[in-house]
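Each value in this text was obtained by applying a stated rule to the coordinates, not by laboratory testing. All of these numbers come straight from a predicted model, not from anything done at the bench. As a convention, Cβ positions derive from the backbone with ideal geometry for all residues, glycine included, and neighbour counts pool all protein chains shown.
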Amino acid sequence: MCDGDIVGIQSSDVCCSASCGSCGGSGCTGRDGGSESCCGGGVRASGRYCSITGEAPCMTGGSI
């Protein structure tokens, strides 16, 4: 779980999709969902905040 009740995998300031199996690290681009859902950099690049979208993948914490 990430940021309250959002279903996903927390890693630092990002919440990856649960389908990734893990969040970030070696091989994240090859996981189900690719970089946008499974890699910290890809999730950050999306600009999606959990507080706004309410679903993973997203960044935890405050929004712009």
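Points worth noting:
- Candidate set from segment 18-39 (those that are among the small types (Gly, Ala, Ser) and touching an Asp or Glu at 6+ places or on another chain (Cβ under 8 Å)); member that is nearest to Ala56 (Cα to Cα): Ser19
- Considered as a group, the residues in segment 17-64 that are out of contact with any strand residue (DSSP E or B) (no Cβ under 9 Å at 6 or more places or on another chain) and not small (Gly, Ala, Ser) include one that is farthest from Ile6 (Cα to Cα), and that residue is Thr29.
- Scope segment 3-21; condition buried (at least 18 other Cβ atoms within 10 Å of the Cβ) and under 17 Å from Gly41 (Cα atoms); matching residues: Gly8, Ile9, Ser11, Val14, Cys15, Cys16, Ser17, Ala18, Cys20
- Residue count, segment 1-60 (criterion: assigned to a helix (DSSP H, G or I) and on the phi < 0 side of the Ramachandran plot): 21
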